[in-house]
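Have a look at the structure below, then the notes.
The values are calculated or read from the model by the stated rules, or taken from the named source; none is laboratory data. The shown structure was predicted, so the numbers you read here are calculated from the model rather than taken from an experiment. All Cβ positions, glycine included, derive from the backbone under ideal geometry; neighbour counts span all protein chains shown. To get the accessible areas, we keep the full protein, side chains included, count just its heavy atoms, and leave off ligands, DNA and RNA. Shrake-Rupley method; radii C 1.70, N 1.55, O 1.52, S 1.80 Å.
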Amino acid sequence: MSDTLSKIEKRTAYVLILPAVFLVFSIILFPIFANVWISFKEVGLKDIRIPEPRAKKIVKSIKDNPDQLKVIYKLRNSSLILEIRDVKFQDKLPKNFKPINLDERCRVKSNKIYCEFGNWKAKYKENFQILLQSSDGKQINKKEIKTIKPKLTGKSDNILLNTNFTLKNFKKVFFQNEFFDLLSTTFYYTFFGTVGSIVFGILTAQLVNQKFFGRTFMRSVLLFPYVGPVVALAYTWELLLDPYSGTLNNLLMNFQVIQEPLNLLGQKYLTINFFGFDFKLRLALTTVIIFEIWRYFPLAFLFILARLQAVPKELYEAAEVDGAGPLQKFTNITLPQITAVISILFMIRFIWNFNKFEDIFLLTGGASGTRTLPINVYEQGFTISDIGMGSAVSIVIVALLLIFMFVYFKLIGKRADEN
Amino acid sequence: MKTKSLIYYALISSIFLFSLVSIWKILVMLQGVELKNLNFAIIITLGIAISLLNLLIGEKLNYLIKSTFFALIFTFVDGYIVQVMPIWYNIGIFAILIFYSLKINKYNQEYLASEHSSQIVVFDFLTLFGIVLFSFVILFPFYMMLITSFKTQAALLINPLDFSINFNQDFKELFKSYFVIFDTYKFGRYILISTFVSVGTVIVTLLFAIPAAYAVARLNFFGKNFLSTSILIIYMFPAIVLVIPLYTVFSQLGLRNSVGGLLIVYTATTLPVAIYMLQGYFRSIPKELEEAAIMDKLNWFGIIIKIILPLSIPAISSVALYVFMIAWNEFLFSLMFLDNPNSFTLSRAIQYLSGDAETPRQYLMAGSVVVTIPVLLIFVYFEKYLVSGLTAGSVKG
């Protein structure tokens, strides 16, 4: 009895989860594996269009003979690279017309014309003609013939499905793509973005954890950058930072903080003289990191605030009795209480910042030294139109990601063992 | 009284005063008033003077009289330095000074003599400073977005610092950018598409996630543990690595440029976190309720509809709002999949607008306001639900 019950339970469970699992599998897991496949191929953006046999129909009357009509089909292979095999053609003829001197590849069967054109090479073109003879001398509307579209079918190789593999893409990724430059920019962006958002998260959480007028309002406001649409916020910042008509530069110049406008998003390096030493600051990258911190510190804030509110008040009261000041309370009570949250946040944000695409893409498009790995995926795949290269970069990202996750779960496991 | 506390108190309170006054001056200047100098040295000196006076006077004067006195002094000195300013500028300065004087009122000589007083002073003022500064830094871009959408191209180029809005003009003139984006750039259509995609994603995600979450939370089946751990790992995989394969497959299937294709992708990417959030909540529902239902011969469909759903309205709302927000704000897939202006979402439409360098910026900002306002309204109104959604679905970046 219980056996059948558990069987029913199992079956029910599978029915319930199957749709979700299927969808996630086909849209998330399948592409990750597909990346591996594509990354070993030489595929361009134009190759992924399936070649199609196409025909443009032109109808012409013949001057000397009003009883005849000429129908011309401009046939072509839409692909510049691939062959189409076994092209079959089919079109409907007007009722009162019969073809004469029909091409030997074709035959007529009850008002329909069927042709077999065989194989078409890449770029294949042909002007195929049919001469039609009216059987009853009636005039025919040429437009009417034109509106009937011929049907063409054919088989072709899908470049994605053949088994030609190459290591070219990976060679390019590692040796021709300024790979280490990309990697260091990505890490720079990820690390400082993560640390910055956590630091500001701690500060703001500490703020909002106190009582003051307008506290709930403040809490909502602090989350605005995180919930706002990235497109709107990025363009607003772009206008704000514009070197000539942007508010920030004009403000700073108005108050004589700077003499020349700074191209915050378009300048790769800014040389800063500091006690006689020249430092080169990566200006655009720094700006992008600041935007990133501005947009994502609310998440850290939310997490840390939730944790702070769970810290028992007695701890602070006891510390006060022991004569601890605010700084000691912070370092001895608050910080130890939030280290666990911070380490989780660090890992999560690190992984997500590592993969961040939209923010940099919208602000700089990857120019002036802000090209990270995700930007490179887009550039390779869609700007340079090399799908194979794009996939290869994606694979590098996935591999690094798996390493991060491995480290993350190791550390989490260790932490769990310690407690 | 300790000297260290005294110095900290005088310095940090006057820096705080300076930041308040400066923010006010910047806001005033953005109304088209000419103002070239923040007078750092003078304001700091005045601030130090007032904070020291405050200690000297102590409680000999009623605190209201004392505050008014300080405020008046400061307003007059400041008014003398900056010269011709509109009267509301001085009123603002006066109000800031009243606020400031009330804040420093609690510090007296005894207070500064107590243990840790220097630290407490620093912490107090940093808190105030932080509140003011963070509010300013966060709200300013939103403020700029809104104001720019009401300006004209010419006005923006003549003086980029003039944020004043002329309310005397015709209603149609004032909202011109909005009329243009709706008439010329078909934003009405994009709003509909964005709404359709977002609401559609919410509905489809819930339809898929609720049964799956119930199964994970309640039923025993082979592979359950594997499934529940892999949910989050899958969620960590970023959209950017999915883009190329999905682009190729969708191109070949003819799903690109279709709202349906976008809906499938959005659903799949939000499903893991939706399942994760819901199963956590379902576990907290007492099992006894379902056992009673099984006695009544309800099948799983009946259990979900009649017992689970009514009890998990809060969790489902959280998930729904969270998913809505993700779908509404999503940009990467809409960039990749849509290149026909007839099927753009709002985000994609704005990006498309900006691609044309000729597009005046006020149109761009009007579009940004249109896409931002719905999420912010929803967020403010349903904050409680959304915050719990954000914390649970935190990993989404």
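See the values below:
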{"read-out": "Calculated log₁₀ intensity ratio I(q)/I(0) where the Debye formula runs over C-alpha points of the stretch A:150-251, q = 0.14, 0.16, 0.23, 0.24 Å⁻¹", "value": "-0.91, -1.02, -1.21, -1.22"}
{"read-out": "Where A:ASP359, A:ASP278 fall by accessible area, highest first, once all protein chains stay in place (1.4 Å)", "value": "A:ASP278, A:ASP359"}
{"read-out": "Carbon + sulfur, % of accessible area of the stretch B:192-327 - ligands and nucleic acids excluded, 1.4 Å", "value": "72"}
{"read-out": "FRET efficiency estimate (nearest 0.05) - Cβ-Cβ, B:THR184 to A:ALA367, R0 30 angstrom", "value": "0.50"}
{"read-out": "Cα gyration tensor, the stretch A:200-309 - rounded (a/c under 1.5), prolate or oblate", "value": "prolate"}
{"read-out": "Max mean-square fluctuation residue, GNM over chain A, Cα-Cα springs under 10 Å, options A:GLY323, A:GLY228, A:GLY365", "value": "A:GLY323"}
{"read-out": "Selected from A:ALA340, A:ALA318, A:ALA20 as most flexible by GNM, with chain A as the system and alpha-carbon contacts under 10 Å", "value": "A:ALA20"}
{"read-out": "Whole-Hz couplings from phi, Karplus 6.51/-1.76/1.60, listed for the stretch B:317-325; x for Gly and Pro", "value": "4, 4, 4, 4, 5, 5, 5, 4, 4"}
{"read-out": "Rg and Dmax [Cα atoms of the protein assembly as shown; Å; Rg one decimal, Dmax integer]", "value": "33.5, 120"}
{"read-out": "Cα gyration tensor shape for the stretch A:323-419, rounded if a/c is under 1.5, else prolate or oblate", "value": "oblate"}
{"read-out": "Percentage, to the nearest whole number, of Cα pairs in chain B over 28 Å apart", "value": "64"}
{"read-out": "Where the protein assembly as shown is the region considered: accessible area per residue in Å², 1.4 Å probe", "value": "48"}
{"read-out": "List of the stretch B:27-43 residues, accessible area with partners at least 10 Å² below that of the chain alone (1.4 Å probe)", "value": "B:MET29, B:LEU35, B:LYS36, B:LEU38"}
{"read-out": "Pairwise FRET efficiency - A:LYS56 versus A:ASN96, Cβ, R0 = 25 Å, nearest 0.05", "value": "0.55"}
{"read-out": "Apportionment of accessible area to carbon and sulfur, the stretch B:3-148, percent (1.4 Å)", "value": "74"}
{"read-out": "At least 20 Å² of accessible area lost relative to the chain alone, listed for the stretch B:302-341 with a 1.4 Å probe", "value": "B:MET325, B:ASN329, B:PHE331, B:LEU332, B:LEU335, B:MET336"}
{"read-out": "Among B:PHE182, B:PHE379, B:PHE134, residue whose mean-square fluctuation peaks in a GNM of chain B (springs only between Cα atoms under 10 Å)", "value": "B:PHE134"}
{"read-out": "With all protein chains modelled, accessible area of A:THR190 [1.4 Å, Å²]", "value": "0"}
{"read-out": "Value of relative contact order over the stretch A:177-385, rounded to a whole percent, pairs C-alpha under 8 Å and six or more apart", "value": "33"}
{"read-out": "Chain A - Rg (one decimal) and Dmax (whole number), Cα, Å", "value": "33.4, 115"}
{"read-out": "B:THR3 accessible area, 1.4 Å probe, all protein chains in place, Å² to nearest 10", "value": "100"}
{"read-out": "Cα shape, the stretch A:1-96, gyration tensor, a/c 1.5 rule", "value": "oblate"}
{"read-out": "Rounded to 10°, Cα long-axis angle of helix B:224-236 versus longest principal axis of chain B", "value": "50"}
{"read-out": "Percent carbon-and-sulfur accessible area, the stretch A:51-156, ignoring ligands, DNA and RNA, probe 1.4 Å", "value": "46"}
{"read-out": "Mean-position separation - Cα centroids, the stretch A:280-328 and the stretch B:334-390, in angstrom", "value": "30"}
{"read-out": "Cα-Cα pairs of the stretch B:58-118 separated by more than 12 Å (percent)", "value": "70"}
{"read-out": "Extension gain, B:PHE76 back to B:LEU289 (0.36 nm per residue minus Cα-Cα distance, nm)", "value": "69.5 nm"}
{"read-out": "Calculated SAXS-style log₁₀ I(q)/I(0) at q = 0.12, 0.16, 0.21 Å⁻¹ - the stretch B:3-148, Debye, Cα scatterers", "value": "-0.52, -0.88, -1.34"}
{"read-out": "Average Cα contact separation per residue, chain A, under 8 Å, 6 or more apart, as relative contact order %", "value": "19"}
{"read-out": "Percent of Cα pairs exceeding the 28 Å cut-off, where the set is the stretch A:177-385", "value": "41"}
{"read-out": "Residue order for B:GLU288, A:GLU126 - accessible surface, 1.4 angstrom probe, largest first", "value": "B:GLU288, A:GLU126"}
{"read-out": "Backbone HN-Hα couplings from phi across the stretch A:366-372 [Karplus 6.51/-1.76/1.60, Hz, Gly and Pro as x]", "value": "x, 7, 6, x, 10, 7, 9"}
{"read-out": "Backbone HN-Hα couplings from phi across the stretch A:187-199 [Karplus 6.51/-1.76/1.60, Hz, Gly and Pro as x]", "value": "5, 4, 4, 5, 5, 5, x, 5, 4, x, 5, 6, 4"}
{"read-out": "Accessible surface buried upon B-A contact (total; probe 1.4 Å; Å², nearest 100)", "value": "8900"}
